[in-house]
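> Attaching a single structure in structure tokens format; questions to follow.
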Amino acid sequence: MKKILVFILFLNTFCLIPYSRIYSAGETGGMPGYFLDMGIGARALGMGRSFVAVADDVSALYWNPAGLSRLNYIEISLTHISLFEDTRYDNIGFAKPWRFWNKDMVYGLAIAQQYTGGIVERDENNVPGSTINDQSFALIASNSYLVNKKLAVGKSIKVVNKRFAGQNKVWSGVNISALYSVFDFLDAGLNMQNVVKTTFKRSGGGNYVVPITAKLGVAAKLLNKNLIISADIESTSNYATKLHSGIEWYYRKLLKFRAGYDNRDVTYGLGLSDKNYQVDYAILNHDLGLSHRATFTYRFGSNVPEDSKLKIKDYEVAVNTMKEIPAGIYNLFSNRNISVISVKIKNNTNKESKFRISYRLGVKDKEEYKEVVVPGKQTGNFDFIPTLTQDDIRVIEVIPTPSAIFVEVSQITKKDKMISILRDSYPAVFLPYDQFSPQTTDAKDETYNLMDTLASWVTFNDRSLGDVISKASDKGAALEPPVKIVGFQPPNVFSKIERDYRSLEEKDKDYMSQIKLIYDTLKDDYKMMYINQPIAYRNSQRIKFPYDTLKNKGNCIELAVLFASLLESIEIEPILAIFTKDEHVAVGWKVNGEGREICNLLETNVFGEDFEKAVDKGKKLVENNGIQQEFANGIPFDENGVYKKEPNILIYDIKKMRAKIPPSPYVNR
């Protein structure tokens, strides 16, 4: 921990250095190949050219060749920079993983050119003459090698050509670099340029020695690697020290916002990317005005080398994902073994192989992964339920919410290097947390009956129910004789009793008086009534939670859920009766006494009329569906709290179901 704090303090100090203005006068404009200071790619320029420890794309072949080892795909980039006085700078970069002498390496090649045309020659009397051009050209070849999972090294060779006013000069240079992962969140990089002594003859005579340049940088990756903060120091023999710092923030893996400090100049940048494409833009606020830079990058193929294609044949990967995800019961997926992502890896080799399976839901930024082992000549099946927090689910409001599921499968080599085998996205639709689905099909193509999850909409834990009970209690206190809201307890006992001596009829009467109070409170104080307004999507239907129904009234299901929640909150055991053929739901309650059990039912589609009428309608509903015997002598629920009577009756005992179906966590907070 102390080491981590030391590095964080060092990083913060490093980032503050540029603002302390401790730089000396002088620039490197006259140094051979100075135009290469603009590097490769607009991403680094948007971060103030603070990129030595950040380098992880094709532009690394200039900024830090060791960073090429981080590439997972073949990459090609095109950059254009608009400078001043009709000057432009363009480059193209290419990088590709390769297997050479049984070693995994990445090679890169870049061509850069700076061109200024239409320069007017003048004699000693300032008389204009012919026009000439100033052209600089560079060819850079780089490669990297991953020494181990923390250290990578790299080198590059460059050839530079300068043509101006009849002069044609060529020189070359060699760069060496390293990239080290200090911690999971902190990297350090070093790039030594022109380490091999290079000289060329000046136009006026004498030799010029190309100076060595050392660039040292650190980069911290924070907030699940969605935020990068970097700082570099650059030192060249006989020239002023340069300081650079930058920041890059990822937004939903698509947008990247950047800013930087480039040795007294402020830079800004923006990036837009998907799986195969990336567009970067940078702008520099220079003393002469604004300078614009743009880069287009295309990535394709795999990081498995061409002459190692056997690896792809060695492993066969198949991925399947859920197409429609009901977020309202996502918390129940684990107990029901509902798979969101299913990955099958077939190992065709004779040796045990290790893989990393990374995955992410499109509705959140955080990526998760699991490392698995598949024995030789065997197939491994792996199922995943990505993490979704309550806050993640609450932002899903549209019916449906289109999204995607991202999956990558990589082989882990003996040196802990990742070799990507599959990387793809799969379309998915999310349903909001108040959208009820009677069934779903998971990533294993197994279909699950979810009718019983309606019990999770019965939310006695909703705090807004307390206001209803409080108002009902006040109504009861004003009656003669008073009626108390005490649930299953005898009305005149306020401590735990060993035995309830009331008869079944007396308990039924006590229950009925309390339930009438609650019903009348909803009818009179909340103007609650039945309103048929279902919001359906395919086979799913929106069901408002109790706190929402209290504000906006409800249909039969929503009123049944609201009333059941109120009953459960005072410890009267609610039941839900579902008549599937009629697409209707009613609410009831159980009464136990003298070794017997009876049930009562309240008709929800007459909610808002007198309580007695709603109860009478409930009795007729029982009679019309031939379940009088069950309601008079106790409903024979199974161990899960479910009673089925063919062909179209389902009755749920909410208390018994609680062992497997808790109330929804998405209630009013």
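The values are calculated or read from the model by the stated rules, or taken from the named source; none is laboratory data. From a predicted model like this one, the values you see are computed outputs, not experimental measurements. Cβ coordinates were reconstructed from backbone atoms using ideal geometry, including for glycine residues, and neighbour counts include every protein chain displayed.
> Those residues that are surrounded by fewer than 21 Cβ atoms within 10 Å (Cβ to Cβ) and within 15 Å of D508 (Cβ to Cβ), I need them from region 592-610; list them, please.
Filtering region 592-610 for residues surrounded by fewer than 21 Cβ atoms within 10 Å (Cβ to Cβ) gives 592-598, 600, 605-606, 608-610.
Selection gives N592, G593, E594, G595, R596, E597, I598, N600.
> Mind checking which strands (runs of 3 or more DSSP E) fall wholly inside region 309-406 and carry at least 1 residues that are touching a Lys or Arg at 6+ places or on another chain (Cβ under 6 Å) and modelled with pLDDT under 90?
Result: empty, no element qualifies.
> Continuing with this model, one more query. Restricting region 126-169 to residues that are touching a residue at least 40 places away in the same chain (Cβ under 8 Å) and assigned to a loop (DSSP other than H, G, I, E, B), which is nearest to N72 (Cα to Cα)?
K149
> For E571, which of the numbered conditions (1) under 19 Å from I485 (Cβ atoms); (2) in a helix (DSSP H, G or I); (3) among the charged types (D, E, K, R) fails to hold?
Going through the list (1) under 19 Å from I485 (Cβ atoms); (2) in a helix (DSSP H, G or I); (3) among the charged types (D, E, K, R), E571 breaks only (2).
> Which condition number does R360 fail, the rest of (1) of a type in the set (K, R); (2) surrounded by 17 or more Cβ atoms within 10 Å (Cβ to Cβ); (3) within 16 Å of Y666 (Cβ to Cβ) being met?
Every listed condition holds for R360 apart from (3).
> Just the residues that are aliphatic (A, V, I, L, M) and either modelled with pLDDT of 95 or more or in contact with a Cys (Cβ under 6 Å, 6 or more places away or on another chain) (or both), please, taken from region 244-258. Give the derivation first.
Step one: list which residues in region 244-258 are aliphatic (A, V, I, L, M), which gives 247, 254-255.
Matches in region 244-258: I247 only.
Let's see how each residue does on (1) among the charged types (D, E, K, R); (2) over 19 Å from N337 (Cα atoms):
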| site | (1), (2) |
| --- | --- |
| S353 | no, yes |
| K364 | yes, yes |
| I399 | no, yes |
| S410 | no, yes |
| K415 | yes, yes |
| D445 | yes, no |
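> From the residues in region 402-461 that are among the small types (G, A, S), buried (at least 21 other Cβ atoms within 10 Å of the Cβ) and farther than 14 Å from M322 by Cβ, which one is farthest from the chain's Cα centre (by Cα)?
A455
> Consider A443 carefully, then state whether it is modelled with pLDDT of 95 or more, aliphatic (A, V, I, L, M) and outside the structural domain of Y145 (by TED's automatic domain parsing).
Values: modelled with pLDDT of 95 or more: yes; aliphatic (A, V, I, L, M): yes; outside the structural domain of Y145 (by TED's automatic domain parsing): yes.
Answer is yes for this residue.
> What residue, among those in region 579-629 that are on the phi > 0 side of the Ramachandran plot and among the charged types (D, E, K, R), is modelled with the highest pLDDT?
So the residue we want is E583.
> Consider V210 carefully, then state whether it is in the same structural domain as A138 (by TED's automatic domain parsing), among the β-branched types (V, I, T) and modelled with pLDDT under 90.
Spelling it out, V210 is indeed in the same structural domain as A138 (by TED's automatic domain parsing), among the β-branched types (V, I, T) and modelled with pLDDT under 90.
> So, D508, is that one assigned to a helix (DSSP H, G or I) and among the acidic types (D, E) or not?
Criteria met by D508.
> Taking the residues in region 574-597 that are in a loop (DSSP other than H, G, I, E, B) and over 43 Å from the mean Cα position of the chain (by Cα) as candidates, determine which candidate is nearest to K656 (Cα to Cα).
Ranking the qualifying residues of region 574-597, first place goes to G595.
> Just a yes or no: is a residue in region 181-193 β-branched (V, I, T), exposed (fewer than 14 other Cβ atoms within 10 Å of the Cβ), more than 24 Å from Y281 (Cβ to Cβ) and touching a residue at least 12 places away in the same chain (Cβ under 8 Å)?
No, that holds for no residue.
> So which residues in region 624-639 are over 52 Å from the mean Cα position of the chain (by Cα) and exposed (fewer than 11 other Cβ atoms within 10 Å of the Cβ)?
If the condition is that a residue be over 52 Å from the mean Cα position of the chain (by Cα) and exposed (fewer than 11 other Cβ atoms within 10 Å of the Cβ), then Q629 is the only one that fits.
> Inside region 180-252, counting only strands (runs of 3 or more DSSP E) that do not spill past its ends, which hold 3 or more residues that are within 28 Å of Y145 (Cβ to Cβ)?
Here the list reads 186-193, 213-222, 227-236, 242-251.
> Residues in region 602-612: is at least one over 30 Å from N331 (Cα atoms) and in contact with a Gly (Cβ under 6 Å, 6 or more places away or on another chain)?
yes
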